[in-house]
1. Can you pull the accessible area of Tyr9 for me, 1.4 Å probe, Å² to the nearest 10?
2. Given the Cα-Cα distance of Ala15 and Lys49 and 0.36 nm per residue of separation, how much length would full extension add, in nm?
3. Just to confirm, what accessible area per residue do you get for segment 45-90 at 1.4 Å probe, in whole Å²?
4. How big is the charge dipole of segment 13-156 about its Cα centre, in debye rounded to the nearest 20, if each Lys and Arg gets +1 on its Cβ and each Asp and Glu gets -1 on its Cβ?
5. With an 8 Å cut-off on Cα pairs and a minimum separation of 6 or more residues, tell me the relative contact order of segment 1-100 in percent.
6. I want to check the label-to-label distance for Glu6 and Asn136. Put each point 7 Å from Cα in the C-beta direction and report it in nm to one decimal.
7. Distance cut-off 22 Å, Cα to Cα: go down the list Lys21/Lys116; Lys49/Lys69; Lys23/Lys60; Lys99/Lys138; Lys23/Lys121; Lys21/Lys60 and report the pairs above it.
8. Evaluate the distance, in nm, between pseudo-label points positioned 7 Å from the Cα of Thr128 and of Glu93 along their respective Cα→Cβ axes.
Amino acid sequence: NIEIPESVYSIGANAFQDCKKLKQLNIGNNVETIQDYTFSGCSSLESFKMGEYVELIGEKAFFDCISLKLIDLPQSIASIGTSAFENCNSLIEFVIPDKISEIPNKMLNSCSGLEKITIGKGLNTIATNSFSAALNLKTVVMNAVNCTSMSAIDRRGKLVTVFDSNRNNLTTIEI
């Protein structure tokens, strides 16, 4: 287990990459940036808690964290990098914070256990392949009011139901 202290403001690129025995992570309240590949390949990481001031999660920051079950993202996050949570197979649910305006390419790609995504209010764009190969994805809760582009879901011929925040069934999409 690792606890990032309050004195740390940024976690550098590759800082904990491939720490195979890391199971739990607590990130202090003063951390604002988690750089590229920081926890990539931490295959035993099951959960983490972030401080309330994290604004940026870099490219592939949690890539290939195959045991990651629980993610508690603070509402302060304004940017998430490409493939940040790609291949996190144990994730079941993911909540995208309200400050996120764009979901990048392959953000949740190959998250085979993912069943539900809740999209925050500030989202404008969902990039290609953002949720590609999330074969168990059943529900997308869309809280965004200005989302103009959504080309993200590739479920190979299965149905996904998209709801608004009041659980009104907006549409069922065959993909």
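1. Its heavy atoms expose roughly 130 Å² to the probe.
2. Numbers: separation 34, 0.36 × 34 = 12.24 nm, distance 1.72 nm.
Going from the current span to full extension adds 10.5 nm.
3. On the way: 1780 Å² over 46 residues.
For segment 45-90, the per-residue accessible area is 39 Å².
4. Details: 13 positive and 15 negative charges, 84 e Å.
It comes to approximately 400 debye.
5. Numbers: 304 pairs, mean separation 22.8, N = 100.
It rounds to 23 percent for segment 1-100.
6. In this crude spin-label approximation the distance works out to 3.9 nm.
7. On the way: Lys21/Lys116 28 Å; Lys49/Lys69 12 Å; Lys23/Lys60 18 Å; Lys99/Lys138 24 Å; Lys23/Lys121 31 Å; Lys21/Lys60 19 Å.
Beyond 22 Å: Lys21/Lys116; Lys99/Lys138; Lys23/Lys121.
8. So the label points at Thr128 and Glu93 sit 3.3 nm apart.
The values are calculated or read from the model by the stated rules, or taken from the named source; none is laboratory data. Keep in mind that this is a model prediction, so the values were computed, not measured. A quick note on method: Cβ atoms are made from the backbone with ideal geometry, for glycine too, and the neighbour counts reach across all protein chains shown. Please note that ligands, DNA and RNA were not included when accessible areas were found on the heavy atoms of the full protein model with its side chains. Shrake-Rupley method; radii C 1.70, N 1.55, O 1.52, S 1.80 Å.
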